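See structure below.
The values are calculated or read from the model by the stated rules, or taken from the named source; none is laboratory data. The structure displayed is predicted, hence computed values, not measured ones. Quick reminder, even Gly has a Cβ in these numbers, built from the backbone with ideal geometry, and neighbours come from all protein chains shown.
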Amino acid sequence: MASSTKDLDGVVNDLPPGPLDTYRKQAKFHWKQMKLFFEDAELLKIKMKVWNTLERDPTFQRPKKVPDSDEMKRLAAIQLHKYCHYNFLHPDTAKLPYKRKTKFMMTVNEALAVAFPDVSIKHAVGIGLFKNALSTLGTERHQHFVDASWNNQVLACLALTEIAHGSNTKQMRTTATYDEKTQEFIINTPDFKAAKCWVGNLGKTCTVAVLFAQLYTKGHCHGLHAFVVPVRDPNTLLPYPGLIIGDMGEKIGLHGIDNGFILFKDYRIPRENLLNRTADVTPDGEYESSFSEPGKILGAALESLSTGRVGIMQESSNNLICAVTIAIRYAAIRKQFGPNGDGGNTKNEWPLIEYQLHRWRLFPHMAAAAILRTFVTSFTDTYLSAVELSTTSKEFQNLSDVVSEVHAIVSSAKALVTWSCRDAIQECREACGGHAFMKASRLGDLRTTNDPCVTYEGDNNVLLQQTSNWLLRQWQNLTQGNKLTTPLGSCKFLENHRFISSQTFRVVESKTLTSQKFISECYEWLIVYLLKQTDSKQSEIERRTNKFVARAESQVYCAALLSKVYIEYLALNYFWAKVCAADSTLINTLNNLGALYGLSSLEKHLVYFYQGSFTNNSNFSKMIKDTILFLCDILKPEALGIIDGMAPPDFVVNSVIGRSDGKLYENLEAELMHGLSVMSRPDWWREIVINNPPDFMRHRSKL
């Protein structure tokens, strides 16, 4: 049953009246009802509590002058300290089941991330992921670490990446060798290339690390395992003897995060600091594992990091919403030119949103924001259910199919959401012209905030290979007469692959192209086609070389594209599933958003429909493009309502050109006229004054 806007009474304020009302009043639905489609009312109350609290706190007021990176690290550390002591979560949250507890934790951090990304990342890594790693990889013997984290007594980090290896985790070279005599692990860094690096919180502030190192007992390597490693004295913040710790230095963004590096020299930790849910070492040095294959131990250990990827998806989907909010509100107010040569008359100038080109530039990104936000929210539920199962079940082998599918989805979803955010922010920056180049527009900050998201927690292009490998295994199961192993059903349609691949495009009415049925059929045909192409290419190359080369030489135009198309399709399915339960006043608009996202995405793949003989009719391409323009037109009166339904409060959007009051020029005037030192002479003026310059304001003598 759909929620009522009454659920938001006292939670979300009414929007201020102003110039945006011209377009707001055109929407056929209430914007608060749209907000309830994108937000769970209970979780939104938590977010609003976080935002309202931070807005009132002087510690979280944005500085008027841009600080240097050292000062930004100090501010982020102080803000994190203050944030942790607010205790936005109920004291009993720690006692809740894993899924509900983690959802509350993610909600609080999500609220922080969209407003203060540096602080959020410090919190997510140092507290959220630390607790998650202990919950999924540790046992009761690590409870004292968990308790300290819940009580805000420790800030941690996750040390995985090394100087010479990032994506290829199996080649990490930091070692943890067990000493039977002292019942300790001795940690060593073989050389500088094996130094752990880019570790968030390690540069200046954290006191404990979850370290991933190669575990050795009795001369045998058992693969990558996780250890809890104290790295600094909590009273002095100085590194312990045997450690070299440093800061990574100046970065191109996220300056408040103290990314660091660390080298170990015969550094000892107790045997019990091994996170031992999947494997353990007995006091006399015997290695015991719940898995028979070292590769599966690695998979279980790194699966806990998927929570970080889901967090990045949440962050990027929110940043995408902020970007389109700024650009579309700006487009509704900003006027340029007019018809019939009346552009010189300001009363006849058109708002940018009235131009077809502008709508075509922005509205597909608005649709992407709606679909991806819904997908991320819904899939997070699926993901947390799977992780909860893995933390409560002792039969690891039975979970392998679920874990494999979740990993395939998370890998491609992280790539899709972060790349979509990147592309949207850049288009929105350009669509807002010169004013968007002001720092106060926030579009520049959004761009640098999202930039590392395509790399950390897994490089996007590498992650896509995880997805295509899984899809190809499903395909090979089918072609060899075996069953699919897709417990989540994300590729169940492949059971009908013969029928799907036999389908061709038939000329239909234009309105048919906006239907879920048409878009789904196009996607399913394209996925089957790309599976055939990728499998065929890999098989042909493997016959001449080997599997590694075959995979490496089949990414472009095949495997990587397969993963992208698969996750676009899955995102739409999650969106459509939620639309079925939406308020009746929203359904038409939501369906149009889904159609615009689907067709805009398919347009990028048109060549493959011709290449694979789905069609040889030029009308296919023309009809898709015409329908995209049609959808951009009919969504125009709904656009501001959609944006208001997705957008967080002004304090969070934090843009002088994207405020909800629509007072674009008044806000710009206040920003420019009241900024620090904007009208003062610079302190360094004497350094640039020319000797005996001509003064053109001094009147010449008439003599």
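Taking helices (runs of 4 or more DSSP H) that do not extend beyond region 48-125, which have at least 2 residues that are over 22 Å from the mean Cα position of the chain (by Cα)? Spell out the reasoning first.
Values: elements: 69-84, 98-115, 117-123.
Because the criterion is at least 2 residues that are over 22 Å from the mean Cα position of the chain (by Cα), the helices (runs of 4 or more DSSP H) in region 48-125 that meet it are 69-84.
With the condition kept exactly as written, say whether any residue in region 508-515 is of a type in the set (Val, Ile, Thr), more than 25 Å from residue 618 (Cα to Cα) and part of a helix (DSSP H, G or I). I'd like the intermediate steps shown before the answer.
Going through region 508-515, the residues of a type in the set (Val, Ile, Thr) turn out to be 508, 512, 514.
Filter once more, keeping what is more than 25 Å from residue 618 (Cα to Cα): none.
Looking for residues that are of a type in the set (Val, Ile, Thr), more than 25 Å from residue 618 (Cα to Cα) and part of a helix (DSSP H, G or I), one finds none in region 508-515, hence no.
All but one of (1) over 16 Å from the mean Cα position of the chain (by Cα); (2) in contact (Cβ under 8 Å) with a residue 12 or more places away in the chain hold for residue 410; which doesn't?
The one condition residue 410 does not meet is (1).
Please verify whether region 169-190 includes one or more residues that are surrounded by fewer than 21 Cβ atoms within 10 Å (Cβ to Cβ) and under 25 Å from residue 386 (Cβ atoms).
Yes: region 169-190 contains one or more residues that are surrounded by fewer than 21 Cβ atoms within 10 Å (Cβ to Cβ) and under 25 Å from residue 386 (Cβ atoms).
Quick one: is residue 639 of a type outside the set (Phe, Trp, Tyr), under 23 Å from residue 55 (Cβ atoms) and in contact with a helix residue (DSSP H, G or I) (Cβ under 7 Å, 6 or more places away or on another chain)? I'd like the intermediate steps shown before the answer.
On the way: of a type outside the set (Phe, Trp, Tyr): yes; under 23 Å from residue 55 (Cβ atoms): no; in contact with a helix residue (DSSP H, G or I) (Cβ under 7 Å, 6 or more places away or on another chain): yes.
No.
Count, please, the residues in region 127-178 that happen to be in a helix (DSSP H, G or I) and more than 21 Å from the chain's Cα centre (by Cα). Step through it out loud before you land on a result.
Of all residues in region 127-178, those in a helix (DSSP H, G or I) come to 127-137, 140-150, 169-171.
Still in the list and also more than 21 Å from the chain's Cα centre (by Cα): 134-137, 140-150, 169-171.
Count: 18.
Scanning for something farther than 29 Å from residue 76 by Cβ and either surrounded by fewer than 21 Cβ atoms within 10 Å (Cβ to Cβ) or among the basic types (Lys, Arg) (or both), does region 191-201 turn up at least one residue?
yes
Kindly indicate which of 663, 622 is over 23 Å from residue 370 (Cα atoms), touching a residue at least 40 places away in the same chain (Cβ under 8 Å) and basic (Lys, Arg). Talk me through it step by step, then tell me what you get.
Numbers: 622 fails: touching a residue at least 40 places away in the same chain (Cβ under 8 Å).
The match here is 663.
Find the residue count for region 163-175, including only residues that are at pLDDT 95 or above and under 20 Å from residue 129 (Cβ atoms).
Counting residues in region 163-175 that are at pLDDT 95 or above and under 20 Å from residue 129 (Cβ atoms) gives 1.
Here's the yes/no breakdown for (1) without any contact (Cβ under 8 Å) to a residue 60 or more places away in the chain; (2) of a type in the set (Val, Ile, Thr); (3) buried (at least 22 other Cβ atoms within 10 Å of the Cβ); (4) farther than 25 Å from residue 458 by Cβ:
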| residue | (1), (2), (3), (4) |
| --- | --- |
| 211 | yes, no, yes, no |
| 215 | no, no, yes, no |
| 225 | no, no, yes, no |
| 238 | yes, no, no, yes |
| 247 | yes, no, no, no |
| 252 | no, yes, no, no |
| 262 | no, yes, yes, no |
| 267 | no, no, yes, yes |
| 288 | yes, no, no, yes |
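Six or more apart or on different chains, Cβ atoms under 8 Å: show the pairs whose first residue is in region 558-578 and without any contact (Cβ under 8 Å) to a residue 60 or more places away in the chain and whose second is in a helix (DSSP H, G or I) and aromatic (Phe, Trp, Tyr).
561/608; 565/523; 569/523
Only one of these is out of contact with any His (no Cβ under 6 Å at 6 or more places or on another chain), surrounded by 13 or more Cβ atoms within 10 Å (Cβ to Cβ) and not small (Gly, Ala, Ser): 35, 64. Name it. Can you show your working first?
On the way: 64 fails: surrounded by 13 or more Cβ atoms within 10 Å (Cβ to Cβ).
One residue alone meets the criteria, 35.
Quickly run through region 513-539 and pick out the residues that are without any contact (Cβ under 8 Å) to a residue 60 or more places away in the chain, within 18 Å of residue 569 (Cα to Cα) and surrounded by fewer than 19 Cβ atoms within 10 Å (Cβ to Cβ).
Selection gives 517, 520, 521, 532.
Going through region 80-89 one residue at a time, which ones are surrounded by fewer than 24 Cβ atoms within 10 Å (Cβ to Cβ) and touching a helix residue (DSSP H, G or I) at 6+ places or on another chain (Cβ under 8 Å)? Break it down into steps so the answer makes sense when it comes.
Our first condition is that a residue be surrounded by fewer than 24 Cβ atoms within 10 Å (Cβ to Cβ); within region 80-89, this holds for 81-82, 84-89.
82, 84, 86, 88, 89, listed by residue number.
With the structure loaded, tell me whether residue 471 is modelled with pLDDT of 95 or more and crowded, with 18+ Cβ neighbours inside 10 Å or whether it fails that test. Step through it out loud before you land on a result.
Values: modelled with pLDDT of 95 or more: yes; crowded, with 18+ Cβ neighbours inside 10 Å: yes.
So residue 471 passes the test.
Are any residues in region 118-138 under 21 Å from residue 403 (Cα atoms) and without any contact (Cβ under 8 Å) to a residue 60 or more places away in the chain, and if so, which ones?
Of everything in region 118-138, just one residue is under 21 Å from residue 403 (Cα atoms) and without any contact (Cβ under 8 Å) to a residue 60 or more places away in the chain, namely 131.
Do you know which of the residues in region 182-231 that are of a type in the set (Val, Ile, Thr) and more than 18 Å from residue 269 (Cα to Cα) is farthest from the chain's Cα centre (by Cα)?
Pass one, region 182-231, residues of a type in the set (Val, Ile, Thr): 182, 186-187, 189, 199, 205, 207-208, 210, 217, 228-229, 231.
Remaining after also requiring more than 18 Å from residue 269 (Cα to Cα): 199, 205.
Values: 199: 18, 205: 25 Å.
Within region 182-231, the match that is farthest from the chain's Cα centre (by Cα) is 205.
Quickly run through region 580-590 and pick out the residues that are crowded, with 18+ Cβ neighbours inside 10 Å and either of a type outside the set (A, V, I, L, M) or without any contact (Cβ under 8 Å) to a residue 60 or more places away in the chain (or both).
Of everything in region 580-590, those that are crowded, with 18+ Cβ neighbours inside 10 Å and either of a type outside the set (A, V, I, L, M) or without any contact (Cβ under 8 Å) to a residue 60 or more places away in the chain (or both) turn out to be 583, 589.
Just give me the residues in region 485-501 being in a loop (DSSP other than H, G, I, E, B) and either over 29 Å from the mean Cα position of the chain (by Cα) or touching a residue at least 40 places away in the same chain (Cβ under 8 Å) (or both), in sequence order.
Within region 485-501, the first condition is being in a loop (DSSP other than H, G, I, E, B), and the residues that meet it are 485-491.
Those that are in a loop (DSSP other than H, G, I, E, B) and either over 29 Å from the mean Cα position of the chain (by Cα) or touching a residue at least 40 places away in the same chain (Cβ under 8 Å) (or both): 485, 486, 487, 488, 490, 491.
Taking region 361-383, which residues are closer than 17 Å to residue 433 by Cβ and not basic (Lys, Arg)?
Narrowing region 361-383 to residues closer than 17 Å to residue 433 by Cβ: 361-362, 365.
Hits for region 361-383 are 362, 365.
A quick yes/no check of all residues on (1) surrounded by 15 or more Cβ atoms within 10 Å (Cβ to Cβ); (2) out of contact with any Phe, Trp or Tyr (no Cβ under 8 Å at 6 or more places or on another chain):
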site: 623; (1), (2): yes, yes
site: 632; (1), (2): yes, no
site: 662; (1), (2): yes, yes
site: 672; (1), (2): no, yes
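Filter region 269-278 for residues that are in a strand (DSSP E or B) and aliphatic (A, V, I, L, M); which is surrounded by the most Cβ atoms within 10 Å (Cβ to Cβ)? Let's see the steps before the verdict.
Of region 269-278, the ones in a strand (DSSP E or B) are 269-270, 274.
Then drop every residue that is not aliphatic (A, V, I, L, M), which leaves 269, 274.
On the way: 269: 18, 274: 24.
Looking at the filtered set, the residue picked out is 274.
Anything in region 589-611 that is more than 24 Å from the chain's Cα centre (by Cα) and hydrophobic (A, V, I, L, M, F, W, C)? List them, or say none.
606, 607, 609 - these are the residues of region 589-611 that are more than 24 Å from the chain's Cα centre (by Cα) and hydrophobic (A, V, I, L, M, F, W, C).
Look at residue 481 and say whether it is at pLDDT below 95, under 30 Å from residue 646 (Cα atoms) and out of contact with any Ser or Thr (no Cβ under 6 Å at 6 or more places or on another chain). Before you say what the answer is, go through the steps one by one.
Working: at pLDDT below 95: yes; under 30 Å from residue 646 (Cα atoms): no; out of contact with any Ser or Thr (no Cβ under 6 Å at 6 or more places or on another chain): yes.
Judged against the criteria, residue 481 is not a match.
On the given criteria, is residue 405 part of a helix (DSSP H, G or I), surrounded by fewer than 15 Cβ atoms within 10 Å (Cβ to Cβ), touching a helix residue (DSSP H, G or I) at 6+ places or on another chain (Cβ under 8 Å) and not polar (S, T, N, Q)? It would help to see each step written out before you state the result.
Numbers: part of a helix (DSSP H, G or I): yes; surrounded by fewer than 15 Cβ atoms within 10 Å (Cβ to Cβ): no; touching a helix residue (DSSP H, G or I) at 6+ places or on another chain (Cβ under 8 Å): yes; not polar (S, T, N, Q): yes.
Criteria not met by residue 405.
Could you please find all residues in region 504-555 being hydroxyl-bearing (Ser, Thr, Tyr) and over 21 Å from residue 607 (Cβ atoms)? Before the answer, list the steps.
Restricting attention to region 504-555, the residues satisfying the condition of being hydroxyl-bearing (Ser, Thr, Tyr) are 504, 510, 512, 514-515, 520, 523, 529, 534, 536, 539, 545, 554.
Within region 504-555, 510, 512, 514, 515, 539, 545 qualify.
Scan region 502-521 for residues that are within 30 Å of the chain's Cα centre (by Cα) and among the small types (Gly, Ala, Ser) and report the count.
The number of residues fulfilling the criteria is 2.
Just need a number here: residues in region 432-483 that are closer than 26 Å to residue 411 by Cα and in a helix (DSSP H, G or I).
Total meeting the criteria: 30.
For region 479-492, enumerate the residues that are more than 18 Å from residue 523 (Cβ to Cβ) and touching a helix residue (DSSP H, G or I) at 6+ places or on another chain (Cβ under 9 Å).
Going through region 479-492, the residues more than 18 Å from residue 523 (Cβ to Cβ) turn out to be 479-483, 485, 487.
Hits for region 479-492 are 479, 482, 483, 485, 487.
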